[in-house]
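Below is one structure, written out as structure tokens; comments come after it.
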Amino acid sequence: MPIGLVFEKLLELPLFQGMSRNDLNDVVAQTRFGFNRLPKGNTVVSDGEACNRLIFLTEGTLSVESRADDGSYSLVEQLNAPNILQPERLFGLTQCFTKTFTTLSPCRFLILDKAEAVRLSDKHQIFRINLLNIISTQSQRIAHQPWRTLPTGIRQKVARFIEMHSMRPAGPKILHIKMQTLANEIAESRLNLSRELNRMHAEGLIILSRGEISVPALERLMQ
């Protein structure tokens, strides 16, 4: 990729935002970046794969699938460029991806291996702060979850269940789950859950089918 184009792409990525032009010139000149382009329908990384590099999505849209530990349900959502794939997994106790990323459109990626990321973090304070901000924001969001007011109605429980399993509380989501499994997860009867889901379907908040709940816009469901 031409140096000028690499420079422009870095300006869009969260880990490089706030860097001076001189710092960005140094990054472009001194850093070994990898580049990749994948057509629609290709797996980028899979759940359980070792996370030994930072993968930046610079163009396109990804499908992101997360699965329950026992495999009883999964959630599919979307990730749009510019973005970064699970940077928090580069360090810590479990250094592997926990989601499967698949291209929904032709995509381009910029790749930075772990050694280069550590070197940039050591050399450029802005890069280090940006990385810490991303990880800290996610940690604070998770730590706050137990202290939120518990939802009362079935609709609110369904919305909270989907939100808590999502990367962000907005956009389209597809929940693959059996009715009884969801009923158990939210501590409601299968019959009452079925009735409420059908009402939500009639209102256009969800699209209900066998073993699947499609949510066109999670933000509407949470209102």
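Overview of values
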read-out: Meets criteria (farther than 30 Å from GLU185 by Cα and of a type in the set (Ser, Thr, Tyr)) for THR58; value: yes
read-out: Residues (of a type outside the set (Asp, Glu), surrounded by fewer than 16 Cβ atoms within 10 Å (Cβ to Cβ) and within 24 Å of LEU131 (Cβ to Cβ)) located in segment 44-70; value: SER46, GLY48, ALA50, ASN52
read-out: Tally of residues being part of a strand (DSSP E or B), touching a residue at least 60 places away in the same chain (Cβ under 8 Å) and of a type outside the set (Phe, Trp, Tyr) across segment 84-111; value: 7
read-out: Residue count, segment 142-163 (criterion: surrounded by 11 or more Cβ atoms within 10 Å (Cβ to Cβ) and either part of a loop (DSSP other than H, G, I, E, B) or modelled with pLDDT under 95 (or both)); value: 1
read-out: Residue tally, condition outside any helix (DSSP H, G or I) and more than 16 Å from PHE35 (Cβ to Cβ), over segment 5-24; value: 4
read-out: Flag for ILE134 being open to solvent by less than 20 Å² (accessible area, probe 1.4 Å) and among the aliphatic types (A, V, I, L, M); value: no
read-out: Criterion: exposed (fewer than 12 other Cβ atoms within 10 Å of the Cβ) and modelled with pLDDT under 90 - qualifying residue of GLY4, GLY41; value: GLY4
read-out: Yes/no for ILE177 being of a type outside the set (Asp, Glu) and in contact with a Leu (Cβ under 7 Å, 6 or more places away or on another chain); value: no
read-out: Segments classed as strands (runs of 3 or more DSSP E), wholly inside segment 169-223, with at least 1 members that are within 18 Å of PRO151 (Cβ to Cβ); value: 173-176, 212-215
read-out: Subset of segment 103-129 [closer than 19 Å to LEU11 by Cα, open to solvent by less than 30 Å² (accessible area, probe 1.4 Å) and out of contact with any Asp or Glu (no Cβ under 8 Å at 6 or more places or on another chain)]; value: PHE109, LEU110, LEU112, GLU116, ALA117, LEU120, SER121, PHE127
read-out: Test for ARG67: is it in contact with a Ser or Thr (Cβ under 6 Å, 6 or more places away or on another chain) and among the basic types (Lys, Arg); value: yes
read-out: Tally, over segment 121-166, of residues that are touching a strand residue (DSSP E or B) at 6+ places or on another chain (Cβ under 8 Å) and closer than 30 Å to GLN30 by Cβ; value: 1
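The values are calculated or read from the model by the stated rules, or taken from the named source; none is laboratory data. What you are looking at is a predicted structure, and each value in this text was computed from that prediction instead of being measured. Every residue, glycine as well, gets a Cβ built from its backbone with ideal geometry; the counts of neighbours run over all protein chains shown. Heads up: the accessible areas ignore ligands, DNA and RNA and are worked out on the full protein's heavy atoms, side chains in. Shrake-Rupley method; radii C 1.70, N 1.55, O 1.52, S 1.80 Å.
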